[in-house]
Structure formats: C-alpha cells, structure tokens
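Participant: Sharing a structure with you now.
The values are calculated or read from the model by the stated rules, or taken from the named source; none is laboratory data. Computed from a predicted structure; not experimentally measured. As a convention, Cβ positions derive from the backbone with ideal geometry for all residues, glycine included, and neighbour counts pool all protein chains shown. All accessible areas refer to the heavy atoms of the entire protein, side chains included, with ligands and DNA or RNA removed. Shrake-Rupley method; radii C 1.70, N 1.55, O 1.52, S 1.80 Å.
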Amino acid sequence: MVYIRKDVSTLTTSERRRFVNALLEVKRRGEYDEFVRTHIEYYTADGERGLRVAHMAPSFLPWHRRFLLDLENTLRRVDESVTLPYWDWTRNRTLTAVPWTVDLLGGTGRRSDRQVMSGPFAYRHGRWTIKVGVTDTEYLMRDLGRSRDPLALPTARDLEKALKDPVYDTAPWGSTSAKGFRNKLEGWGRGSGPASWLTHNRVHRWVGGHMVSGASVNDPAFWMHHAFVDLLWSRWQRRHPNARYLPARPLPAGDAQHGRVVARRQKMPPWDVTPEELQDHSRIYRYA
C-alpha cells in the first residue's frame with residue numbers, strides 16, 4: 001500500500017510524537033547506530049580510490065533514496081503509522097521554525113560546546129547518546145545558521161538552477177561536474193569555503209555540528225533534509241520525463257572513472273539494487 005511523506009511543518013501533534021518516539025525506540029534498540037556506520041563507511045570522496053556510490057557520484061540520489069527507505073521501514077516496524085517527513089528549507093528558514101521545535105528536533109547547540117540542550121534528542125535526557133562518530137563526543141551538536149560566520153540556507157531560486165538542467169549527470173561524474181542536475185543538487189561548487197557550498201551541501205553546513213561530517217546521520221535532521229532532496233529528484237523527473245539516470249552503461253577501461261561510479265543497471269553496495277530500480281518510488285510512497 002502506498003503511503004505518504006508529509007512536509008514536517010504540516011504534521012499534527014500526534015504525528016510529531018509518533019515520529020520522535022519511533023526514532024528513540026530504534027536508537028534504544030541499537031539499530032540506529034548501524035545507519036550511522038553505513039553512512040560513514042560509504043562516504044568516499046573524489047580523491048579516494050575505489051568505488052564511490054553515496055557522495056560525489058551519480059548514484060548520490062538513488063543511494064540515499066534506498067538509505068531513507070531502510071530507515072523508514074525500520075521506523076514503521078516500530079509504528080506503522082510513521083513515515084519520513086521532509087524539511088523544505090526554502091520555506092522554513094529560521095532558527096526557530098519547524099523542525100527546530102522542542103517537540104521535534106530541538107534547537108541549536110549552546111555557544112560553549114554546540115551541545116543541543118532542548119528537545120527529545122538532547123544528551124541530558126539520556127536517550128540520544130552518540131556512540132558512532134568521527135570524534136569521541138557523546139552529545140548531539142548543532143550550530144544553526146553558523147553563529148560566528150552566518151550562512152543562509154539555499155533559496156527556491158538556487159534550486160531552480162538545478163531543476164532546470166535537463167541532463168541527470170555528466171563527466172567527470174564527480175564533484176567537479178559543471179553540468180548535470182545531480183551535482184548541482186548535491187552542491188559541490190567551485191573554489192573553497194561558503195561560496196562552494198551549494199544546495200544540499202549548504203544545508204549540512206547551515207545545521208552545523210554533526211551534520212558537517214560523515215557521521216551526519218547522528219542528527220535526525222539528516223533524514224528530513226534528505227527526504228526533501230529526494231522530493232526534489234521527483235520534481236526534476238516530472239519536469240524532464242524523458243531524462244534518465246546517467247551514465248547508462250559502465251564506463252570504458254580507458255576512462256579515469258572506470259570502476260569508480262555505478263552505471264544505470266549496476267548494483268549499488270551495500271544492497272543488491274540498481275539505480276534504475278530506484279528511479280520510480282510511486283508504488284511505495286508519494287509526497288504530499
């Protein structure tokens with residue numbers, strides 16, 4: 001049966017409570033930390049050797065679509081009424097807007113150490129201890145808006161630059177691809193610093209704390225952010241109905257990216273699934 005993913009700002013009080021409680025239960029069972037481990041393991045950059053599937057690669061979108069589905073299915077085994085809400089950061093743009101409320105994700109971290117002190121995922125409540133990460137910090141950290149060097153969230157106009165590109169991805173199939181929807185949405189821009197943080201990447205930087213590392217899954221904001229990214233892929237598909245995932249075929253042996261990116265019908269680890277099989281989600285879920 002097809003279920004609905006909603007804008008987080010439209011959730012009822014009961015839906016908010018059920019979503020939070022399901023996350024906390026999955027965390028209590030130890031299942032949540034496995035998602036953190038998986039994301040860290042597959043966070044492979046352009047400059048590293050071997051296959052790239054989760055980031056800086058064409059499979060960024062289908063890989064995260066499957067990743068979200070796995071978490072969503074885990075939540076629904078706890079409470080079948082729960083689905084992943086999405087955070088539209090082009091509309092809810094302030095530090096006090098949804099989802100940064102005490103009944104959802106809580107707010108920003110305190111100035112001294114960026115520790116989140118409010119909401120159900122605050123360390124002081126004893127239900128959200130960071131056990132898998134790139135540092136030894138046990139508490140969730142955020143710095144919404146980057147208080148010392150303010151950063152603005154992407155706008156609808158910024159998104160339009162990606163959505164209007166009719167080609168899914170182009171060579172060199174990584175963070176330096178100047179054309180193609182995938183990299184424009186993933187957000188690897190030219191140069192360094194804030195000017196190079198675009199769209200999806202800029203949101204990670206805006207949230208700050210754990211969201212700026214491979215261990216970003218430690219912040220439940222990760223799922224709402226990526227659910228919106230997934231929705232944007234759906235919108236791009238509707239706008240360009242004849243466009244398909246690229247590359248269509250494995251890159252030849254002479255190509256610098258041979259064996260480093262996944263083609264349309266190749267399997268994406270850690271699953272036995274291809275990008276082509278994940279292009280259409282309409283039989284599983286829809287967006288409100």
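Participant: Select from region 38-68 the residues that are over 12 Å from the mean Cα position of the chain (by Cα) and of a type in the set (A, V, I, L, M) and write down the one among them that is nearest to residue 133 (Cα to Cα).
Facilitator: Result: 40.
Participant: Which condition breaks for residue 83 when tested against (1) within 16 Å of residue 217 (Cα to Cα); (2) open to solvent by 20 Å² or more (accessible area, probe 1.4 Å); (3) touching a strand residue (DSSP E or B) at 6+ places or on another chain (Cβ under 7 Å); (4) of a type in the set (Ser, Thr, Tyr)?
Facilitator: (1)
Participant: Could you grab me the full set of residues in region 131-156 that are among the charged types (D, E, K, R), closer than 29 Å to residue 34 by Cα and exposed (fewer than 12 other Cβ atoms within 10 Å of the Cβ)?
Facilitator: Result: 136, single match.
Participant: Give 3, 86 a once-over and let me know the one that is in contact with a Ser or Thr (Cβ under 6 Å, 6 or more places away or on another chain) and either more than 15 Å from residue 226 (Cβ to Cβ) or modelled with pLDDT of 95 or more (or both).
Facilitator: None of the other options fit; the residue is 3.
Participant: Next question, about the same structure. Take region 43-67 and flag every residue that is of a type outside the set (Gly, Ala, Ser) and surrounded by 21 or more Cβ atoms within 10 Å (Cβ to Cβ). Walk me through it before giving the result.
Facilitator: Step one: list which residues in region 43-67 are of a type outside the set (Gly, Ala, Ser), which gives 43-44, 46, 48-49, 51-53, 55-56, 58, 60-67.
Answer for region 43-67, where residues must be of a type outside the set (Gly, Ala, Ser) and surrounded by 21 or more Cβ atoms within 10 Å (Cβ to Cβ): 52, 53, 55, 56, 58, 60, 61, 62, 63, 64, 65, 67.
Participant: Checking the structure you have, find out if any residue of region 113-120 is open to solvent by 10 Å² or more (accessible area, probe 1.4 Å), under 17 Å from the mean Cα position of the chain (by Cα), farther than 30 Å from residue 259 by Cα and not basic (Lys, Arg).
Facilitator: no
Participant: Among the residues of region 152-170, which ones are under 19 Å from the mean Cα position of the chain (by Cα), of a type in the set (A, V, I, L, M, F, W, C) and outside any helix (DSSP H, G or I)?
Facilitator: 152, 153
Participant: Residues of region 77-102 being closer than 25 Å to residue 28 by Cα, in a loop (DSSP other than H, G, I, E, B) and either out of contact with any helix residue (DSSP H, G or I) (no Cβ under 9 Å at 6 or more places or on another chain) or without any contact (Cβ under 8 Å) to a residue 60 or more places away in the chain (or both), which ones?
Facilitator: 80, 100, 101, 102, listed by residue number.
Participant: When the residues of region 1-21 are filtered to those that are of a type in the set (Val, Ile, Thr) and in contact with a strand residue (DSSP E or B) (Cβ under 8 Å, 6 or more places away or on another chain), which remaining residue is surrounded by the most Cβ atoms within 10 Å (Cβ to Cβ)? Before you say what the answer is, go through the steps one by one.
Facilitator: Taking region 1-21 first, the residues of a type in the set (Val, Ile, Thr) are 2, 4, 8, 10, 12-13, 20.
Still in the list and also in contact with a strand residue (DSSP E or B) (Cβ under 8 Å, 6 or more places away or on another chain): 2, 4, 8.
Values: 2: 9, 4: 9, 8: 25.
Step by step, filter region 1-21, then rank; the result is 8.
Participant: Counting only residues that are more than 14 Å from residue 19 (Cβ to Cβ) and part of a loop (DSSP other than H, G, I, E, B), which one in region 103-112 is least open to solvent (accessible area, probe 1.4 Å)?
Facilitator: Among those residues, the one meeting the criterion is 107.
Participant: Between a residue in region 22-36 that is open to solvent by less than 20 Å² (accessible area, probe 1.4 Å) and any residue that is among the acidic types (Asp, Glu), which pairs come within a Cβ distance under 8 Å, given they are 6 or more apart or on different chains?
Facilitator: 22/79; 27/33
Participant: Could you check region 230-262 and list, in sequence order, the residues that are out of contact with any Phe, Trp or Tyr (no Cβ under 7 Å at 6 or more places or on another chain), under 18 Å from residue 186 (Cβ atoms) and hydrophobic (A, V, I, L, M, F, W, C)?
Facilitator: 232, 233, 262
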